[in-house]
Amino acid sequence: MLSKTKALKAAVIGAGYMGSAITFPLSANNIEVNLWGTWLDDEIIEASLAGYHPKLKKALSPSIVPLYSKDLDKALSGIDMLFMAVTSEGFVKVFGMVLDNLAAPVYFFKLTKGLVSYKGSIVRATQAALDMLSQKFGPQDFAWATVGGPVRALDLAYEMPSVSMYGITNEKIKDMIPKLKTDYYRIVAKEDVIGVELSSTFKNIYAMAPGICDGLFREKYDGLYFNFTALLFAQAAKEISKIVERAGGDRDTVFDFAGVGDLYVTSAAGRNRKLGELVGRGIDPQKAFKDMSDDGEYGEGYMALELAAPWLETLDKKIIDELPLFKTLFKIFFNGGKPIDELKKLVLKI
């Protein structure tokens, strides 16, 4: 799988925020990086080739090779590792395209966060990917890591100290991880793919709740609603831990970097917080999601919330009743609930 005679080479699939940000620590480790953009990223690739990444507001490292969507075969040529950084909505389609152009298994790292629709069911993206890998290469112990937070892409691109928890499948992938660290990008590996993946998925959902508070209260009560957001944050952590434990993951992961750490940074500064703020201001959720997406700001929590409801039903038909904040968010985003009314009712249920 890994050549001992050549420099390591990686392909990053998806040229948005996180895909482009991860190229910085990879480049710092002298890893050759092809940054491939989907058909939605062609303008980003064009700008990056001209010397400026429009999302990160800076140039990529000189060693990074930005590649257009038509050049997927070139992006995958001779690679040792693959980073998937497309949205959950496009994950299955794009990963299928990757496998069509991949001659042999490599080290796989999934930056995508969210659930996916696969073969008529809602599943974790890792489940879909490992099934697709088995169909292509036969059943085996693939070197796979599901990458969690707390890592905000912009902070990483500007080399601010960050730590990321990787949910890993085996020792092969664990041995690769030291080659990805830098003095500002630290990695904690844990054999809990389920816990890391679900923490990363559900933190995007729950981070919309503090954002709703920003939309409701910031203009008139700036600095006076910390109690409320703290309540929502703590309730979110409790609910994510129930979900992870019920799904077979490690509850402790939720109270580590991948859980509360990632929930904090997303609640404080992420796109999902922004989506919640727009809804708190009174903008229709579907319109807010579409407007952000049209501006290149994909609120992953919106799609995750929609898919999580039926997924939770398959996990445990009774668990929804143990998740009052989740139910509140679903009512606000998909059933026409008025944010202020639903949040006030939530307080009485906790």
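The values are calculated or read from the model by the stated rules, or taken from the named source; none is laboratory data. Predicted model only: the values in this text are computed from it and were never measured. We place every Cβ from the backbone using ideal geometry, glycine too, and count neighbours over all the protein chains shown.
Among what's in the stretch 198-221 and is among the small types (Gly, Ala, Ser) and part of a helix (DSSP H, G or I), pick the residue that is farthest from the chain's Cα centre (by Cα). Before you say what the answer is, go through the steps one by one.
Of the residues in the stretch 198-221, the ones among the small types (Gly, Ala, Ser) are 199-200, 207, 209, 211, 215.
From the residues that got through so far, the ones that are part of a helix (DSSP H, G or I) too are 199-200, 209, 211, 215.
Working: SER199: 10, SER200: 6, ALA209: 17, GLY211: 18, GLY215: 23 Å.
Once the filter is applied, the top-ranked residue is GLY215.
If you scan the stretch 222-248, which residues turn out to be small (Gly, Ala, Ser) and either assigned to a helix (DSSP H, G or I) or touching a Gly at 6+ places or on another chain (Cβ under 6 Å) (or both)? Reasoning before the result, please.
Of all residues in the stretch 222-248, those small (Gly, Ala, Ser) come to 223, 230, 234, 236-237, 241, 247-248.
Those that are small (Gly, Ala, Ser) and either assigned to a helix (DSSP H, G or I) or touching a Gly at 6+ places or on another chain (Cβ under 6 Å) (or both): ALA230, ALA234, ALA236, ALA237, SER241, ALA247.
Give me the pairs: first residue in the stretch 21-36 and part of a loop (DSSP other than H, G, I, E, B), second residue buried (at least 22 other Cβ atoms within 10 Å of the Cβ) and not acidic (Asp, Glu), beta-carbon distance under 7 Å, and six or more apart or on different chains, which are they?
Here the result reads ASN29/LEU180; ILE31/ALA10, each pair linking the stretch 21-36 to a residue that is buried (at least 22 other Cβ atoms within 10 Å of the Cβ) and not acidic (Asp, Glu).
Inspect all residues belonging to the stretch 239-251 and state whether any of them is free of Cβ contacts under 8 Å to residues at least 12 places away in the same chain and more than 28 Å from GLU159 (Cα to Cα). Full working, then the answer.
From the stretch 239-251, those free of Cβ contacts under 8 Å to residues at least 12 places away in the same chain are 245; that's our starting set.
Checking the rest, the ones that are also more than 28 Å from GLU159 (Cα to Cα) come to 245.
Yes, the stretch 239-251 contains at least one residue that is free of Cβ contacts under 8 Å to residues at least 12 places away in the same chain and more than 28 Å from GLU159 (Cα to Cα).
Restricting the search to the stretch 185-221, which residues are among the acidic types (Asp, Glu) and either in contact with a Gly (Cβ under 9 Å, 6 or more places away or on another chain) or touching a residue at least 40 places away in the same chain (Cβ under 8 Å) (or both)? Full working, then the answer.
To start, the set of residues in the stretch 185-221 that are among the acidic types (Asp, Glu) comprises 191-192, 197, 214, 219.
Scanning the stretch 185-221 gives GLU191, ASP192, GLU197, ASP214.
Cβ-Cβ below 9 Å, separation at least six or inter-chain, first residue in the stretch 55-69 and surrounded by 15 or more Cβ atoms within 10 Å (Cβ to Cβ), second part of a strand (DSSP E or B) and small (Gly, Ala, Ser): which pairs?
Partner pairs satisfying both residue conditions: LEU67/ALA11.
Just to check your reading of the model, which residue among ARG218, ARG152, ARG246 is surrounded by 15 or more Cβ atoms within 10 Å (Cβ to Cβ) and either polar (S, T, N, Q) or assigned by TED's automatic domain parsing to the domain that holds SER20 (or both)?
Of the residues listed, the single one that is surrounded by 15 or more Cβ atoms within 10 Å (Cβ to Cβ) and either polar (S, T, N, Q) or assigned by TED's automatic domain parsing to the domain that holds SER20 (or both) is ARG152.
Provide a single number: the residues in the stretch 66-85 that are of a type outside the set (Ser, Thr, Tyr) and under 26 Å from SER293 (Cα atoms). Step through it out loud before you land on a result.
Initially, the stretch 66-85 is screened for residues of a type outside the set (Ser, Thr, Tyr), giving 66-67, 70-76, 78-85.
Next, from what is left, pick out any that are under 26 Å from SER293 (Cα atoms): 66-67, 70-72, 75, 82-85.
Of the residues in that region, 10 qualify.
Which strands (runs of 3 or more DSSP E) sit wholly inside the stretch 42-134 and have at least 1 residues that are more than 21 Å from GLY148 (Cα to Cα) and at pLDDT 95 or above? Show your work before the answer.
Details: elements: 64-67, 81-84, 107-110, 115-118, 121-124.
Fully inside the stretch 42-134 and qualifying: 64-67, 115-118, 121-124.
Condition first: under 16 Å from ALA236 (Cα atoms) and in contact (Cβ under 8 Å) with a residue 60 or more places away in the chain. Can you find one or more residues in the stretch 334-341 that meet it? Write out each step before concluding.
Within the stretch 334-341, the subset under 16 Å from ALA236 (Cα atoms) is none.
Checked against the condition, which is being under 16 Å from ALA236 (Cα atoms) and in contact (Cβ under 8 Å) with a residue 60 or more places away in the chain, the stretch 334-341 yields no hits at all.
When the stretch 30-44 is examined, which residues are found to be within 28 Å of LYS6 (Cβ to Cβ) and touching a helix residue (DSSP H, G or I) at 6+ places or on another chain (Cβ under 8 Å)? So that I can check it myself, show each step before the final result.
Keep residues of the stretch 30-44 that are within 28 Å of LYS6 (Cβ to Cβ), which gives 30-38, 41.
Hits for the stretch 30-44 are ILE31, VAL33, ASN34, LEU35, TRP36, GLY37, THR38, ASP41.
Could you list, in sequence order, all residues of the stretch 97-114 that are out of contact with any helix residue (DSSP H, G or I) (no Cβ under 8 Å at 6 or more places or on another chain) and more than 21 Å from LYS181 (Cβ to Cβ)?
ASP100, ALA103 - these are the residues of the stretch 97-114 that are out of contact with any helix residue (DSSP H, G or I) (no Cβ under 8 Å at 6 or more places or on another chain) and more than 21 Å from LYS181 (Cβ to Cβ).
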